[in-house]
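Each remark here refers to the structure printed beneath this line.
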Amino acid sequence: MALHHGRSLSFPSSSHPPFHITSGLRSSEATCSSLSSFNGRINVLRNLYESIHDLLLLSHIQQTVSEECVDDFIRLLDACSSVRDLISLAKQDIRDLLSAVRRKDVQGVNAYLASRKKSKKMIQKSLKNLRRSASATSKHASMLKDAECVAISMLESLLLYALGAKVHDSKRTLLSKLMHSKKVSDVENEFNKVESFLQLNKENELVNHIKEMDSDIQVVEEDLESIFRQLVKARVSLLNILNN
């Protein structure tokens, strides 16, 4: 899921972004402390790319489009797709765990723990790719570059949460800490609560928690699919501009 930041689309000074885009960029930096809190942030991102798609209809904007813009979108699409797949895997894992707990299937519970361990390694690998990409971000200011940074930040926050952390503003410090430690002490994280209830053998609490968690993950998964479709739409617009 490696991303590469080449040249991005530069908008002329006369094309200022609509107010809801800039306000969305600011609000997207808010702390995400639960799965449900990601819903608003992803919606901001989708609205952002909807506005960019409208701007790409302007002739003077189209003149600035390059092949590098399309390449950036393809890599961003790959990143979004990878995160979506990891969230889908997490959803399936907790559903399998719920079934195992209800059947009192110890082997099924162990299968969840093994899958969770494997998923964490996959998440860490994706996080490292995102971090390398963020550090290589060009200083060149543009609407697409700003949107790309917001998208990467959101995807990184979501991966961090799925890894087992409550995402705070000091995300870089948190990321560095998680990369060098196998323990995450913040049990407020919904993924950590699952393991905590398992360790404490609190079956009723675990079942109720998984039901709520499954619903929240489902919404996040649908939100990611929505932003993915919006990114595809913008990429098609860029391709059409280049081919005409």
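If the limit is 27 Å between Cα atoms, which of K145/K211; K104/K193; K145/K193; K117/K145; K128/K202; K91/K125 go over it?
Values: K145/K211 38 Å; K104/K193 19 Å; K145/K193 36 Å; K117/K145 34 Å; K128/K202 35 Å; K91/K125 19 Å.
Beyond 27 Å between Cα atoms: K145/K211; K145/K193; K117/K145; K128/K202.
State the extension gain, in nm to one decimal, for the chain segment bounded by S115 and C149, taking 0.36 nm per residue of separation less the distance between their alpha-carbons. The partial results should precede the final answer.
Details: separation 34, 0.36 × 34 = 12.24 nm, distance 3.06 nm.
Contour length minus Cα-Cα distance gives 9.2 nm.
Within the set of other residues whose C-beta is less than 10 Å from the C-beta of F197, count the net charge using Lys and Arg as +1 and Asp and Glu as -1. Working shown, then result.
Details: positive: K193, K202; negative: E195, E203, E205.
Overall, the nearby charge balance is -1.
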I need the phi-derived Karplus couplings for the stretch 77-87: 6.51 cos²θ - 1.76 cosθ + 1.60, θ = phi - 60°, integer Hz, Gly and Pro marked x.
4, 4, 5, 4, 5, 5, 5, 4, 5, 5, 5
If you add up the charges near F38, with Lys and Arg at +1 and Asp and Glu at -1, over every other residue whose beta carbon is less than 9 angstrom from its beta carbon, what do you get?
-1
Is any residue of the stretch 98-133 close enough, with backbone N under 17 Å, to a label point placed 7 angstrom from the Cα of D71 along the Cα-Cβ axis, and if so, which?
133
Simple SL model, points at 7 angstrom along Cα→Cβ for R102 and S37; separation in nm is 3.1 nm
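Lys and Arg at +1, Asp and Glu at -1: add these up for the other residues within a Cβ distance under 14 Å of G108 and post the number.
Values: positive: R95, R102, R103, K104, R116; negative: D93, D96, D105, E203.
In short, +1.
Please work out how much length the chain gains when fully extended from L239 to E221, using 0.36 nm per residue of separation minus the C-alpha to C-alpha distance, in nm with one decimal. Don't jump to the answer; show the numbers that get you there.
On the way: separation 18, 0.36 × 18 = 6.48 nm, distance 2.69 nm.
Answer, rounded to one decimal: 3.8 nm.
Listing S157, S115, S215 from the residue with the fewest other Cβ atoms within 10 Å to the one with the most, what is the order? The partial results should precede the final answer.
Working: S157 24, S115 16, S215 11.
In order of increasing Cβ crowding within 10 Å: S215, S115, S157.
None of the figures in this text is laboratory data; all of them are computed from the coordinates on show. Please read these numbers as outputs of a predicted model, since none were measured by experiment. Counting neighbours? That spans all protein chains shown, and the Cβs are built from the backbone with ideal geometry, glycine included.
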